[in-house]
Structures are given as C-alpha cells and as structure tokens.
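The values are calculated or read from the model by the stated rules, or taken from the named source; none is laboratory data. Just so it is clear, the model here is predicted, and its values are computed rather than measured. Ideal geometry is used to build each Cβ from the backbone, glycine not excepted, and the neighbour counts take in all protein chains shown. With ligands, DNA and RNA removed, areas are computed over all heavy atoms of the protein, side chains included. Shrake-Rupley method; radii C 1.70, N 1.55, O 1.52, S 1.80 Å.
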Amino acid sequence: MSYLMGIDLGTSSVKTIISDIDGNIKAIGQEEYKIEIPHEGYAEQQPEEWCRDGYLCIGAGSMQAYCKV
C-alpha cells in the first residue's frame, strides 16, 4: 500500500500527516519546540530542535500508520 506524508514546519511546532493515496488519514503527529525570548522584542529558536522534533514526528506518525494497516 502506498502512503503520502505532509510535513508542516511552523513557528511553534512541526506537524505531520500520513494518508493513503485516496486521502484517508492514517496518522497525525505534532511536536512543539520552545521559543526563547532573550530580551524584549527578540525571539530565537534552535534549528537543531526543528530537526529533532521533525524526526520524532515522522517516526511517531509512521508507527501509527503502520499499526493501523
């Protein structure tokens, strides 16, 4: 069976969705990352967290989709 995965790297979290080719949702995942505010008017994020949380989200979504098959 073939699946499609969408990944949304947003401002405060990364989200994934896995569906079959007919559009039936098989799994949804989300991992939030923190926003650091070192002082007023500034916001920072760590790209390493984007990667780590992206991998976690992909892995969790893949496992959910696999278990539902």
Q) Among (1) open to solvent by 70 Å² or more (accessible area, probe 1.4 Å); (2) touching a Phe, Trp or Tyr at 6+ places or on another chain (Cβ under 7 Å), where does A65 come up short? A) (1)
Q) Which residue, of I25, I37, I7, I21, is at pLDDT 90 or above and in contact with a Leu (Cβ under 9 Å, 6 or more places away or on another chain)? A) I21
Q: Check region 40-52 and report whether any residue there is open to solvent by 50 Å² or more (accessible area, probe 1.4 Å), closer than 22 Å to S2 by Cα, modelled with pLDDT under 90 and outside any strand (DSSP E or B).
A: no
Q: Could you tell me whether Y33 is free of Cβ contacts under 8 Å to residues at least 24 places away in the same chain and open to solvent by less than 50 Å² (accessible area, probe 1.4 Å)?
A: yes
Q: Determine the pairs where a residue that is outside any strand (DSSP E or B), located within region 1-29, has a partner that is surrounded by 13 or more Cβ atoms within 10 Å (Cβ to Cβ) and at pLDDT 90 or above with Cβ atoms under 8 Å apart, the partner being 6 or more residues away or on another chain.
A: M1/D20; S2/D20
